[in-house]
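The values are calculated or read from the model by the stated rules, or taken from the named source; none is laboratory data. Worth saying up front: this structure is predicted, and the values here are computed from it rather than measured. We place every Cβ from the backbone using ideal geometry, glycine too, and count neighbours over all the protein chains shown.
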Amino acid sequence: MNSAGTPETLESWSHADSGRIVGFDPDALAARYQSAQQREQAVRRMMEMGLTVGAQLTVREFGPIRRDPIAVYVRGSVVSVGREEARCVLMEKVKS
Amino acid sequence: MSTEAICVALAGAPNAGKSSLFNALTGARQKVANFPGVTVERKSGYMRTSSGRLIEVIDLPGTYSLEPQSVDEEISVRVITGAGIQGERHPDLIVAVADATNLERTLSLVMEIRALQRPIVVAINMMDLAEKRGMRIDLNTLAKELGVPVASTVALDRHGASGLIALLEKETAKLTSANKISTPTKSTPTTADVSKRFQEIDRIVAACVHGVGTEHIWTHRLDRVLLHRVMGPVFLAAILFTIFQSVFSLAEAPMGWIEDSIAAMGEWAGAMFGETFLASLIRDGIIAGVGSVLVFLPQIVILFFFIYLLESSGYMMRAAFLLDRLMAGVGLQGRSFVPLLSSFACAIPGVMAARTIREPRDRLLTILIAPLMTCSARIPVYVLLIGAFIPDTTVLGGMVNMQGLVMTGLFMSGIASAMMVAWISKKTILSATPSLSLMELPTYKLPSPLHLRIYLWQRTQAFLRRAGKMILAISIGLWVLSTFPAAPEGADRPAIHYSFAGQMGHAIEPLIAPLGFDWRIATGLVPGFAAREVMVGALGTVFAIENADDEGEGTRTLQESLKTTWPLGTGLALLAWYVFAPQCLATIAVVRRETNSIKWATFLFVYTLALAYVAAFVVNKVCGFLG
């Protein structure tokens, strides 16, 4: 999934950034989940919350401590994603 | 068909408006119980179709997918897939609820359920809101695409569910025993499967939804302020402050009425039965004991009123968002905030509210620290002891009242120790990989008065039933302990001195002597096991009767008695003891029920007792050292 150069992660985005989810990098969660199966399950849960590949996403707000979690608008709802979790979401910015 | 009512189960993602739809279908007459063997709430009710067929409706806990993440979701999934739960009947038909304003996400569970090939009806809920936002959903095409019957609903009253009711009438008539139970054939989907499912949803939505739906404009506007990094916490603090103020100030009057009625009932019982043991049992045992818990009902109802507003408006998840990082630091999650907030009124509803936490470990940890929040039962004890031992002076140049400062300090020590216990547990006995930080922040909605009424009524009933039964038994038990055996003829000490409670007090005196506690405190601690504030009454009994022998001393207030009898170290140690004090059997019993484990209830009792002992010991020794 990590092919197209160095894709940005959701974690690196700032306020009001907008774009498209291009993929997931489950290995970004390696520090927390040792098994590949757990990492895949984490990614599946994110997809079930609407963070699917191809979906449009806009960064809304950041949590008060260490800008964690990140509130994003995706597939018609506002979803709060932890900063660590956001590291495995690969993004492509849309120039506005 | 058998004479047994047909049973349908409502399934859907959280925030799809499933509970409102359930209220609309069944009305206020609902039964709240638990699923067999687990403490997952099972809400059920009955509805009649236009032809008069009776249908039992079960409201399943919300779930995003058929891959369960929590006990609640596991129950839903077992019922939906037909895997079943021992002692729970299989529903004949599943009503899969999707949110019309958010089909592109909520259809996911519908698609999963559809694939099970069980009898299913799809309810597209909140149709009115979708139309208001410029979306037009073509139900015929949707039904054709999904290949299952579809109805739209507006879940405000029964009228808004009439399309669904008519469809249920038609579909339940088709049921035969042949298609009642199918064996589950479900394999864990891969991320590729999920991806494919959402592509299919995108195709269906493109075919059925006309007009570009705009985002709920108020959700965006409010979030800009309420989720703001600086403004958000400020608003949260203001909201919490308002809730606390209201819980204590609004409850004052009704609590007074309840206290007066209890006193009147006690007098009535006294007059009715004379000075007999029966009168004493009814008055001092049952009425006083049950009354001591009943008196917190106003605070609990007011607190639940606010919790409903926060929950149904969508703000609760915003609070969880703001506190998520803070809570994660001590091993909790944003959602732990609700049970901990409830525990300031009483730990019993707080422990029960922990059910909303998905991960079992986080739920357990929240339950274990909830009793450290300063519940309202501690306040009478604090007021008595602070009045007796803390001078009514001002400090910091007359800005701050010393007594108020100590009261605030006691609240803060409770919160701080809860966070410490959570942090230590995270590092030791309850270590686990942190749960995934992923939450839906639902659109803001106006709370509905009808649903508020149903909610408050159910919470009140649950509290009375759970607390009532236990308190009744405990009160009678403690009355026996403090009444028998009676004082011997010509006894020169108060009757309680000779009772089992008094004897126990004397027996445990050596154990608590290092804390500066004497047998009187020990005797008060025995009935204090029922409810903490009973300690005040018990001390009153011990001192009042003792002072009756002392000529001219009878008029001294209890506070003055305490001040002259005990050194400062004892008073402060007792305050410290009550920050942690485990003496509340009702809480221990609820923890046992909710965790379904005697082990954890015992652990709670032992660790709070140990904390109380150490804290009281340190306070007493420090006071002794400082002279």
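Please work out if A:Arg44 is more than 23 Å from B:Asp223 (Cα to Cα), without any contact (Cβ under 8 Å) to a residue 40 or more places away in the chain, within 14 Å of the chain's Cα centre (by Cα) and at the interface with chain B (Cβ under 7 Å from one of its Cβ atoms). When the stated conditions are applied, A:Arg44 passes them.
Pairs meeting the criteria (first residue in segment B:431-446 and more than 9 Å from every other protein chain (Cβ to nearest Cβ), second residue surrounded by 22 or more Cβ atoms within 10 Å (Cβ to Cβ) and acidic (Asp, Glu), beta carbons under 8 Å, at least 6 apart or on different chains) are B:Ser435/B:Asp362. If only residues of segment A:72-96 that are part of a strand (DSSP E or B) and among the β-branched types (Val, Ile, Thr) are counted, the one that is nearest to A:Ala31 (Cα to Cα) is A:Val89.
Checking each residue in segment B:211-251 for being among the polar types (S, T, N, Q) and at the interface with another protein chain (Cβ under 8 Å from one of its Cβ atoms) picks out only B:Thr219. Return the total of residues in segment B:105-155 being under 33 Å from the mean Cα position of the chain (by Cα) and of a type in the set (D, E, K, R). Count: 3. Exactly one residue among B:Ser435, B:Ser475, B:Ser417 is surrounded by 14 or more Cβ atoms within 10 Å (Cβ to Cβ) and either in a loop (DSSP other than H, G, I, E, B) or in contact with a strand residue (DSSP E or B) (Cβ under 7 Å, 6 or more places away or on another chain) (or both), and that residue is B:Ser435. If we scan segment B:192-202, do we find a residue that is in contact with a helix residue (DSSP H, G or I) (Cβ under 9 Å, 6 or more places away or on another chain), within 13 Å of chain A (Cβ to nearest Cβ), farther than 19 Å from B:Gly147 by Cα and modelled with pLDDT under 90? No: zero hits. Just one of the listed residues (A:Val79, A:Val74, A:Val89, A:Val59) is of a type in the set (Val, Ile, Thr), closer than 16 Å to B:Leu441 by Cβ and either more than 10 Å from every other protein chain (Cβ to nearest Cβ) or surrounded by fewer than 18 Cβ atoms within 10 Å (Cβ to Cβ) (or both), and it is A:Val59. Residues that are within 7 Å of chain B (Cβ to nearest Cβ) and in a loop (DSSP other than H, G, I, E, B) within segment A:62-71 comprise just one, A:Arg66. Restricting attention to segment B:351-362, does a residue exist that is at pLDDT 85 or above and either of a type in the set (A, V, I, L, M) or in contact with a His (Cβ under 6 Å, 6 or more places away or on another chain) (or both)? Checked against the condition, which is being at pLDDT 85 or above and either of a type in the set (A, V, I, L, M) or in contact with a His (Cβ under 6 Å, 6 or more places away or on another chain) (or both), segment B:351-362 yields at least one hit. Against the numbered list (1) in a helix (DSSP H, G or I); (2) modelled with pLDDT under 75; (3) over 17 Å from B:Ala538 (Cβ atoms); (4) more than 36 Å from the chain's Cα centre (by Cα), B:Gly490 comes up short only at (1). If you go through segment B:224-280 and keep only what is touching a Phe, Trp or Tyr at 6+ places or on another chain (Cβ under 8 Å), of a type in the set (Gly, Ala, Ser) and without any contact (Cβ under 8 Å) to a residue 12 or more places away in the chain, you end up with just B:Ala279. Inspection of segment B:296-317 identifies at least one residue that is of a type in the set (Phe, Trp, Tyr) and not in a helix (DSSP H, G or I). Considering each residue of segment B:212-227 in turn, none proves to be buried (at least 19 other Cβ atoms within 10 Å of the Cβ), in the same structural domain as B:Ile55 (by TED's automatic domain parsing) and touching a helix residue (DSSP H, G or I) at 6+ places or on another chain (Cβ under 6 Å).
Among the residues of segment A:14-52, how many are crowded, with 22+ Cβ neighbours inside 10 Å, assigned to a loop (DSSP other than H, G, I, E, B) and either at pLDDT below 95 or in contact with a helix residue (DSSP H, G or I) (Cβ under 7 Å, 6 or more places away or on another chain) (or both)? So the count comes out to 3. For segment B:172-179, check the following and say yes or no: at least one residue is surrounded by 16 or more Cβ atoms within 10 Å (Cβ to Cβ) and either in the same structural domain as B:Gly314 (by TED's automatic domain parsing) or touching a residue at least 60 places away in the same chain (Cβ under 8 Å) (or both). The answer is yes, given that some residue of segment B:172-179 is surrounded by 16 or more Cβ atoms within 10 Å (Cβ to Cβ) and either in the same structural domain as B:Gly314 (by TED's automatic domain parsing) or touching a residue at least 60 places away in the same chain (Cβ under 8 Å) (or both).
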